[in-house]
Amino acid sequence: MRTIIHQSAPVSLNLTCYDSPDRLLYSLAVQPLHMQLVSLRMALTPQFLLMPHDSFPQLQTLDLTIIWAGLFTDTKMISTYTAASCFLGMRNLHTLRLCFKDDVDAVPDTIPWSQITSLTLVSDDIESGADALGVDNVLSILKQSFSLRKCHLHLAMDNVTHSSMVTLPNLRELEVQHHTYGGEYEGSLLDLLITPALGSLSLETTADYRDSFEIPDFRSLILRSGCHLHLLSLDQTWLELSDADLHSISSVQSLYVPHVFFDTEMLSQVVNGNLLPAIENISLGVESIEHIELLTELIERRSECALKEENHLQVKEVRIAFAYDKANMKAMMRCLKLAKRCGTKLCIYDGQKSWSEKYVSLEEDDGVSQGNSGKE
């Protein structure tokens, strides 16, 4: 800290201050180092809320953890929180992450939502596992955040009573993680969004019970917004996709649906270019040798077309989940040889580990070797 204090240029601090953040803030105010801060990460405290409006003029990135039960013991403190002046002078703030650790009734009205371009909201009630913020509160925040380009939401599923549509004209990237704890839910956050510039959409939904599981209606979002996705990731158990779903994402270049097992007819249409004509990277499940052979044909056909036409898209990467047996492995090895020859990266998941484990890349020389996890 002493070394940082003597610096005259703006400094970036990544601090986790859960034990004594007020003491740290006092030290920053005495120096006064807070005037130079570019990045700050800490637990929200009364001392932070009471700092003057011009305390953080250089701040660009703010990461706050809000533990409501330990912070607000009276109504006066709640008023200080909602009207906190410390946010008013953050004229350079563009990246904001708020993590709510228990039930929260409100968010500060003074946060400059209109200038935020990257927003992450994490809502997690430690005791009950329920949504600590509420979808309606999230929608109210989004309605003010019309400059957003990136938005990541990590929420428990909740009933939506918000009635008006929320337009995010500049949003390029949206990631929503939902978990349902049982019961029936009315509406979805996606049902009230309009995102005309959206290019990347990632949805992850998990459920304690299959009966309580619902897939967010991404197709309606796309049609309503008129956006053209280049990336779609649907990490959801019990997920099924129809031809209509795939027709709605004809512009997608990268599709990650590791829990979806395409049937023969659907895969054939992909190979023929009737579905997913722009696809370059795909992650999916296959159930038979026939499906592996169809993927092999997809790689080969796209490679041949790419050689004939300079503007034709080549398949760059295929990630697949399949039943691990000798017959399938032989077919997979044939697919691997072709993929190598065509310059396509081929990764498999053999069902032996949990879905969170890494995929593996097949290597012709030494059998199987470890590959990268997740989407590139």
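Search the structure for amide H atoms under 5 Å from the amide H of S248, placed 1.01 Å from N in the peptide plane, and list their residues when 5 or more places away or on another chain.
Under 5 Å from the amide H of S248: no residue qualifies.
Please work out the FRET efficiency for the pair K143 and R41, using the Cβ-Cβ distance as r and a Förster radius of 25 Å; give the result to the nearest 0.05.
Approximately 0.40, to the nearest 0.05.
For A321, what residues show an amide H to amide H distance below 5 Å, using hydrogens built from the backbone and excluding near sequence neighbours?
L284, G285, V286, Y349
Tabulate in residue order the Karplus-calculated ³J(HN,Hα) for the stretch 79-91, using 6.51 cos²θ - 1.76 cosθ + 1.60 with θ = phi - 60°, rounded to whole Hz; enter x for Gly and Pro.
Each residue of the stretch 79-91 in turn: 5, 4, 5, 5, 10, 4, 7, 4, 7, 5, x, 7, 6 Hz.
Could you check the simple spin-label distance between S250 and L50, using points 7 Å along Cα→Cβ, in nm with one decimal?
In this crude spin-label approximation the distance works out to 6.2 nm.
I194's amide H: which non-local residues (gap 5+, or another chain) put their own amide H closer than 5 Å, with H modeled 1.01 Å from N in plane and none for Pro or chain starts?
Those lying under 5 Å, H to H, from I194 are V166, T167, L168.
Summing +1 for each Lys or Arg and -1 for each Asp or Glu, what net charge is found among the other residues whose Cβ lies under 11 Å from the Cβ of I116? Please report the intermediate quantities before stating the final value.
On the way: positive: R97, R149, K150; negative: none.
That works out to +3.
Once you've got the Cα coordinates, tell me which of K101/K150; K150/K316; K150/K337 are over 28 Å apart. Display every interim value, and only then the final one.
Numbers: K101/K150 22 Å; K150/K316 26 Å; K150/K337 39 Å.
Flagged as over cut-off: K150/K337.
The numbers here are math on the coordinates, done by the rules we state, and not lab data. Quick caveat, the model's predicted, so the values are computed rather than measured. Using ideal geometry, Cβ is built from the backbone for each residue, glycine included, and neighbour counts are taken over all protein chains shown.
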